[in-house]
């Protein structure tokens, strides 16, 4: 009974402003001028003094920064919030006041806010302390470092670690004592956070200078003229910017100078008509130089002499070499760890790409395995699946539900389309794989145009449910979007399902029999026609599922299938025909390879694809039957 | 007598199954040889290796004098060296006439530019006509090979082999699908051919082999089980066990 | 056996040449430049381009109909030919323009300045001002013409050597050729490949040195050139596929293993035909793009090559004139239907607009041709001349797959 009462009292005391804050009143009285017309340079001590006066001071600063502070004609400061004004010193409401509002500029507000943040670190509310730390981490100053160091020890472990980190980062940047900075750098070595790397970068920033002798500076290294990263031109440019060397003459300048000095159809005694030759131009310019008409330009010899007379250095802006050494060591360690993490991230990316290729190619692979037929319309089945997903979404608003409906529906639709294609076209073209390829191509262009006629040419969105929208982030480097994880899971699911069907069911047994020897299978009472139809439908159905999956992260257009079909072919060809493991290996190889090439040449995805295809063409040279070839005599026929 | 073909302890396995196991085999310049053996003895694989279709895992195949290895050559090079092969199933080019089939097989330059510049001559036309009548297809010269009967295709293929003028002829089950009269004709032809070149006949049919009246090599599980005259090998207890079971 | 000259043994050659001559004379007589003007210049260009496509189709037929390789990358050679001739057209024309503009300066330009100006003009659009290495010969028409033959020929030779050597065939090879053209297209799509990225080369209809000749006349000249190229290539192709060489090539199509055992170097034959076809296709491209005026990497996308295969299939493969018929009929029909000039069909409740539905109709008719008329339009001529192929719908007969004897099944 007693305790709540005390708590209530304390709360009241904190909430209800103390009748007066004499210290604050005194500061205000002394510095009213400074408060009314603050300047960024001089306001800092004043802000610290106000902050030191206690909660009222902080409240005043906060209002000041938010442009909610006004000054009355009698020199009182009022905090105006909503329609009501309260006295900043006493906290009493001042009805009917009409203060002149203060409008501090952004520089001043920055100073005030940083002072406020320092105060917030000590706030009893953990949420406010966390917010303060985050704010400092974003935009810290030397004052913050001081505040952090002097603040009372943090009790929350997470916040304590965070504060430790922020303090170290600030120390690296602002601590006047080199030893403390080195200690801070070493304390954080191995960290790969972006903020740590950002803190190290300015320490390691270098400038190039040319000097007759070794300068008194923190030298990173001496440069040799003619090295790959320091060609002669760079040395000349450096000397020119330092003013040591006259600017060299550019061809354009030379031409303009010559054009400006045409006398009687000649320049420096050389006829204009002859000036289509660089050597003639040089002679004309020298003649002008000799006559004093144009300013002399640096010659090769002068440039050489200047280069010879100088040594070239890369110097750190940071004067202390201990600090730069420590920073370099820390950066190297960070880079090594970063490379490893980038590798992991790349692996995840490759895995997700491989799952997509796997889903897109597996249908193609089984139909090719059973019937030796390439279905060029496979890409259009993928597209069909994606459009099915889109159509379902327009009817069912709930994204999760619509996805749950779309997946089986897409399977059903494309399964039906596949069976239809098989019955109408492919079975009539048995044993003529090239003609099947062309006939299915006819189906492909017809379906594409049909999709354009029905859904229009613009891209249709297929939105993922909210729970699939985020990304799983491990740290600054490693992250993977949830959709891609879901697709990976889907691919695993289908791998499992497929293995189950192939190894554990009657259908799978019959499919394997037909794949190995259709004639023998037929004589065992298996109907190869029915098996072919079923596998064709199954392969097409999976294409539909792949279409929904792809549609979730790509735009659904009538050309959707085309973007994946060639890669799917490659997957089948590289992996080897007739085995699910071959498709898996092919998808893994192609997915991994394209990510690696993309990583090595990130600016140019087109080049990456070119190299990729070239690699596949070369690869086929060495393993013409794919990574996991079909074995036995049947494969040789 | 120097050997034309010398197969020296070759082995080959498919997925762990040893189709040919340390097989050695010689044949002279003008010799007729029958190779017999139960199914899976490696008869066809043996031919595949000699003609370059399959590469052995170990061993060597030497050809002619001075001996050179056939293993470094591809099928076409081996064929140009003078190894002709008749397949079990007649394979002729169905879409082309008998004359075209025979013309293609005629001994002549094989590289693309030589073929492009090749023009039929009186001699080549006569040779085609001779070959056609030798294999009994004189009346069918202008017909497409696909229109011939099964037996006629067999004969056309033999005619094509003759046109190639090989030094070694590998014949895989020539009697399959032939009438009795055709078989007799075939045996006579093979025996006649063996006077001027080496002929290896792979056959199941003992009667057929008996009619050839030549040295016999029995293969079993990829290696030579017995070799000698037919009477000699049929008395061999190992051969009897393999053929009749125990 | 007496030998007649090969043209007499192949009367279809004379028929094709005669028809081509009649067509050329007719178009010339109706053109704006040399005749009544009934046929507008744009139509002359379309017809000239169609002849080039027919030329490419003849080459495709060599590769597919005779050699049995369904090359889905044939248009790569076509576009390469276009790019290589386009380099000279664009360089020489830009050089003229830049020289004219630099002549305004008080100081005459140096060769380096001239080249820099040209490079700036051509490559400014992709943010570069250096002349790429691939343009080293662009200033010279004879060299660039040589490259029109050499580059596609060498590409075909290199690709073919790699692919045939490892005995990739059938569907695998088709996919690989498709990959080849896709790789080339993607490479050309890059801005820094030196071929102006997806801008491609443009202004190719203006022939440097012939600025005084108007487009109406030029279009007829190109029409003649295309017709002449088609005639020559047709005779060359017909000569190649006749006689023993043709016999071997068709044998390779039907059973390449057997051909090997006859001692023929199959890979060599494939290479010769593939490379020859690539060079013919490149010539077709080099004649096509000056009439089209613009070329960009989209022309190399696999779909274009598949269309070429479609034309040959509809026309009738394994017949050189079939390829021409297919290319001419389908490409002219396509441009008529997609040009918006075909009348719409008004059905109750829906209007079939051919711009939207032509593609669907083409796709379906293509499936129908493959199913019911595997010999294509040329099959009609076979029927007229009394050759009745057995109708087996691809099924096996007798002891051999693909045996021609129909009656065996009836017994």
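Throughout, read-outs are computed from the coordinates displayed, never taken from laboratory work. Bear in mind that the values here come from a model prediction, so they are computed numbers and not experimental data. Note that we place each Cβ from the backbone using ideal geometry, even for glycine, and neighbour counts take in every protein chain shown.
Some notes on this structure:
- Reference-scaled alpha-carbon Rg (2.2 N^0.38 Å with N residues) for the stretch A:14-121: 0.97
- Other protein chain Cβ atoms within 10 Å, averaged over every residue that makes up C:366-378: 4
- The overall shape of the stretch A:505-637 is oblate: from the C-alpha gyration tensor, with semi-axes ordered a ≥ b ≥ c, the ratio a/c is 1.5 or greater and a/b is no larger than b/c.
- Where Rh is the Kirkwood radius over Cα pairs, Rg/Rh for chain A: 1.15
- Computed extension length for residue A:207-residue A:106: 33.2 nm, one decimal, from 0.36 nm per residue of separation with the Cα-Cα distance subtracted.
- Rounded to 10°, Cα long-axis angle of helix A:178-188 versus longest principal axis of chain A: 30 degrees
- Tail fraction, Cα-Cα pairs, the stretch C:49-169, threshold 26 Å, whole percent: 40 percent
- Estimated translational diffusion coefficient (Stokes-Einstein, Kirkwood radius over Cα pairs, 20 °C, 1.002 mPa s) of the stretch A:458-510: 156 µm² per second.
- Per-residue ellipticity at 222 nm, computed for the protein assembly as shown from helices alone with -39500 (n - 2.57) per DSSP H run of at least four residues, works out to -19500 deg cm²/dmol.
- Take the Cα of residue B:65, go 7 Å toward its beta carbon, and the backbone nitrogen atoms of the stretch B:10-30 under 13 Å from that spot belong to B:28-30.
- Averaged over the residues of peptide B:108-117, the number of Cβ atoms from other protein chains lying within 10 Å of each residue's Cβ is 6.
- Three-way shape call for the stretch C:6-299 based on the alpha-carbon gyration tensor, with the a/c threshold at 1.5: oblate
- Mean projection of the Cα convex hull over all viewing directions, computed for the stretch A:360-579: 13.1 nm².
- Residue order, fewest to most surrounding Cβ atoms within 10 angstrom, among B:150, B:204, B:220: B:204, B:150, B:220
- Residue order for B:215, B:153, fewest other beta carbons within 10 angstrom first, comes to B:215, B:153.
- Tail weight of P(r) past 13 Å, computed on alpha-carbon pairs of the stretch C:250-302, percent: 70 percent
- Overall form of the stretch A:151-310 per C-alpha gyration tensor (a/c, 1.5; a/b vs b/c): prolate
- Spin-label pair residue A:195-residue C:157: with each label point 7 Å from Cα along the Cα-Cβ axis, the two points sit 6.4 nm from one another.
- Computed from Cα atoms, the angle from the helix B:180-193 axis to the main principal axis of chain B rounds to 90 degrees.
- If R0 is 45 Å, the Cβ-Cβ spacing of residue C:352 and residue C:236 corresponds to a FRET efficiency of close to 0.55.
- Spin-label zone in the stretch C:75-92 - amide nitrogen under 19 Å from a point set 7 Å from the Cα of residue C:143 along the C-beta vector: C:81-92
- Peptide-level mean, for C:166-173, of C-beta atoms on other protein chains within 10 Å: 6
- With all pairs of different C-alpha atoms in the average, the Kirkwood value for the hydrodynamic radius of the protein assembly as shown is 38.7 Å.
- Two-decimal Rg to Rh for the stretch C:131-202 - Kirkwood Rh, Cα set: 1.05
- Spin-label pair residue A:522-residue A:308: with each label point 7 Å from Cα along the Cα-Cβ axis, the two points sit 9.1 nm from one another.
- Annotation: peptides A:94-107, A:226-239, ranked by per-residue average of other Cβ atoms within 10 Å with the highest first, follow the order A:226-239, A:94-107.
- With distances taken between every two different alpha-carbon atoms, the stretch A:414-533 has a Kirkwood hydrodynamic radius of 18.5 Å.
- Label zone at residue B:89, where the point sits 7 Å out along the Cα-to-Cβ direction: the stretch C:253-279 residues whose backbone N lies under 14 Å: C:255-258
- Förster radius 41 Å - calculated FRET efficiency between residue A:333 and residue A:457, Cβ distance, rounded to 0.05: 0.20
- Full-stretch length increase - residue A:84, residue A:237 - with 0.36 nm per residue and alpha-carbon distance subtracted: 48.6 nm
- With viscosity 1.002 mPa s and temperature 20 °C, the Kirkwood radius over alpha carbon pairs of the stretch B:91-165 converts through Stokes-Einstein to a diffusion coefficient of 175 µm²/s.
- Of all the options B:60, B:126, B:172, the one that moves most in a Gaussian network model of chain B with Cα springs shorter than 10 angstrom is B:126.
- Rh by Kirkwood over Cα pairs, then Stokes-Einstein D for the stretch B:158-246 at 0.692 mPa s and 37 °C, µm²/s: 231 µm²/s
- Computed FRET value (nearest 0.05) for residue A:293 with residue A:244, which takes r as the C-beta separation and R₀ as 25 Å: 0.45
- Chain B: angle of helix B:122-134 to the longest principal axis, Cα-based, in degrees nearest 10: 50 degrees
- Sorted ascending by nearby beta carbons within 10 Å, beginning with the fewest, A:493, A:409 become A:493, A:409.
- The label point for residue A:263 and the one for residue A:472, both projected 7 Å from the Cα toward the Cβ, are 8.2 nm apart.
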